[in-house]
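First up is the structure itself, then whatever we jot down about it.
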Amino acid sequence: MTEVLASAPAAEPSAAMAPARRSLVGLTRPGLGEALTAIGVPDREIRMRTGQLWQWIYFHGVRDFDRMLNIAKPLRQRLADAYTLDRPEVIVQQVSTDGTRKWLLRMPPVDARDKGAEIECVYIPESDRGTLCVSSQVGCTLTCTFCHTGTQKLVRNLSTQEIVQQLVVARDMIGDFPGLTPPTDGLIPSGEGVRAVSNIVFMGMGEPLYNLDNVGNAIDILSDGDGLSLSKRRITVSTSGVVPQIGELGDRAGTMLAISLHAVRDDLRNTLVPLNKKYPIQELLEACRNYPGLSNARRITFEYVMLKGVNDSPADARELVRLLKGIPAKINLIPFNPWPGTAYECSDWETIEHFSDIVFNAGYASPVRTPRGRDILAACGQLKSETEKVRARARMMDA
């Protein structure tokens with residue numbers, strides 16, 4: 001199901017327009033403190049008021065300053081006069097037959113030249129968890145040949161605020177803040193101890209380690225126990241192999257790490273993941289061995305897309321086992337998700353199972369990732385372009 005929630009083009013910025021009020025949603029604690037200082041809140045109150053805003057924004061998910069009942073009415077009015085609690089605009093929502101939800105979001109313009117960046121994030125429900133796949137960049141600077149997202153040019157990095165706002169929007173849309181009602185389709189996980197959004201994966205548009213400062217600050221907000229309160233063990237950052245930043249990610253954020261590997265030979269990986277020309281496999285794996293906090297309880301996930309006749313032979317499976325020796329690891333085998341114009345095909349199921357058996361028998365967990373959201377192009381490597389086509393069709397229908 002595709003639901004066009006808004007289709008009007010973003011307004012052209014004008015020098016004559018009054019400056020837009022800034023949203024507080026997605027700001028760090030220091031950012032909220034600066035916002036309070038800017039409207040005259042005394043220094044002695046900043047820490048207390050920041051804590052109050054933090055809980056109302058990130059724990060309660062409020063959209064109106066008047067609901068902040070432990071803040072005096074005059075201060076609530078000053079906040080409302082200067083700021084908003086706005087989220088990014090949801091342009092399109094698509095719901096897969098398997099319950100996967102994909103949202104196209106339009107961010108507010110960052111300056112007079114910006115018409116408002118558009119990104120996608122994907123929500124994947126399971127019986128005992130809900131995973132949100134977030135984007136870290138608008139477009140992508142990498143040109144991985146099997147990835148649809150990689151066919152789109154990089155526009156810019158997302159800010160800390162824009163990264164965090166993706167989770168806030170998701171919780172709004174699926175009723176995951178206190179007092180909200182979940183959708184009635186029965187596809188959102190629920191039950192005692194089950195959170196509708198329990199896991200975050202940085203596997204959407206972009207290379208997170210090329211935006212590490214903003215990603216790290218966002219993780220601080222996502223994992224803060226007084227607000228959104230996600231465990232860092234339930235936050236996974238995926239990289240195509242930006243070696244110099246891997247250790248820094250571990251030191252800075254302490255999250256789980258995933259590596260988009262996809263090949264066991266440099267010559268092939270140079271084609272599939274061109275970043276390999278700069279950081280070859282052995283250099284990448286050495287950085288993995290030194291990842292801070294690595295242990296059997298905190299294994300690295302190696303993602304391996306299964307491409308028919310390209311990287312799916314028994315010899316490839318055995319070489320994968322050899323390469324990962326000594327690294328606490330799990331191998332995620334990903335059936336290739338086709339997209340228009342691709343030259344690749346998904347490996348046959350029998351081939352995938354045989355590959356998985358070789359890896360499993362060598363002592364590694366090797367789950368085959370069940371494709372989710374294929375019918376709305378929300379699966380791994382499929383983001384953005386199809387939604388643009390849906391919007392174009394919707395505009396034609398409205399004309």
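Descriptive notes on the structure:
- Being in contact (Cβ under 8 Å) with a residue 40 or more places away in the chain, polar (S, T, N, Q) and exposed (fewer than 15 other Cβ atoms within 10 Å of the Cβ) is a property that does not hold for residue 131.
- Test: residue 287 is of a type outside the set (S, T, N, Q), more than 25 Å from the chain's Cα centre (by Cα) and surrounded by 19 or more Cβ atoms within 10 Å (Cβ to Cβ): no
- Criterion violated by residue 241 - all others in (1) farther than 18 Å from residue 202 by Cβ; (2) small (Gly, Ala, Ser); (3) not in a helix (DSSP H, G or I) satisfied: (1)
- Every residue from the range 244-257 that is outside any loop (DSSP other than H, G, I, E, B) and among the β-branched types (Val, Ile, Thr): 246
So that you can scan it fast, the table gives a plain yes or no per residue for (1) closer than 26 Å to residue 27 by Cβ; (2) outside the structural domain of residue 162 (by TED's automatic domain parsing):
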residue: 79; (1), (2): yes, yes
residue: 99; (1), (2): no, no
residue: 107; (1), (2): yes, no
residue: 123; (1), (2): yes, no
residue: 139; (1), (2): yes, no
residue: 142; (1), (2): no, no
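- Residues located in the range 245-277, provided they are touching a residue at least 12 places away in the same chain (Cβ under 8 Å), over 21 Å from the mean Cα position of the chain (by Cα) and surrounded by fewer than 20 Cβ atoms within 10 Å (Cβ to Cβ): 265, 266, 268, 271, 274
- Considering residues of the range 26-70 that are of a type in the set (Lys, Arg) and over 14 Å from residue 221 (Cβ atoms) only, the residue surrounded by the fewest Cβ atoms within 10 Å (Cβ to Cβ): 44
- The combined condition, being part of a loop (DSSP other than H, G, I, E, B), exposed (fewer than 15 other Cβ atoms within 10 Å of the Cβ) and in the same structural domain as residue 230 (by TED's automatic domain parsing), is fulfilled by residue 180.
- Residue that is surrounded by the most Cβ atoms within 10 Å (Cβ to Cβ), among those in the range 342-367 that are of a type in the set (A, V, I, L, M) and under 26 Å from residue 326 (Cα atoms): 359
- Checked against (1) surrounded by 15 or more Cβ atoms within 10 Å (Cβ to Cβ); (2) at pLDDT below 95; (3) more than 26 Å from residue 216 (Cα to Cα), residue 76 passes all but condition (2).
- Residue within the range 153-168 that is within 17 Å of the chain's Cα centre (by Cα), assigned to a loop (DSSP other than H, G, I, E, B), closer than 18 Å to residue 96 by Cβ and modelled with pLDDT under 95 present: no
- Within the range 192-229, the residues that satisfy the criterion of being assigned to a loop (DSSP other than H, G, I, E, B), touching a residue at least 40 places away in the same chain (Cβ under 8 Å) and more than 22 Å from residue 141 (Cβ to Cβ) are 194, 195, 196, 197, 198, 224, 226, 227, 228, 229.
- Criterion violated by residue 172 - all others in (1) surrounded by 19 or more Cβ atoms within 10 Å (Cβ to Cβ); (2) not in a loop (DSSP other than H, G, I, E, B); (3) not hydrophobic (A, V, I, L, M, F, W, C) satisfied: (1)
The values are calculated or read from the model by the stated rules, or taken from the named source; none is laboratory data. Note that the structure is predicted; figures quoted are calculated from it, not measured. In this analysis, Cβ positions are derived from the backbone assuming ideal geometry, glycine residues included, and neighbour counts consider all displayed protein chains.
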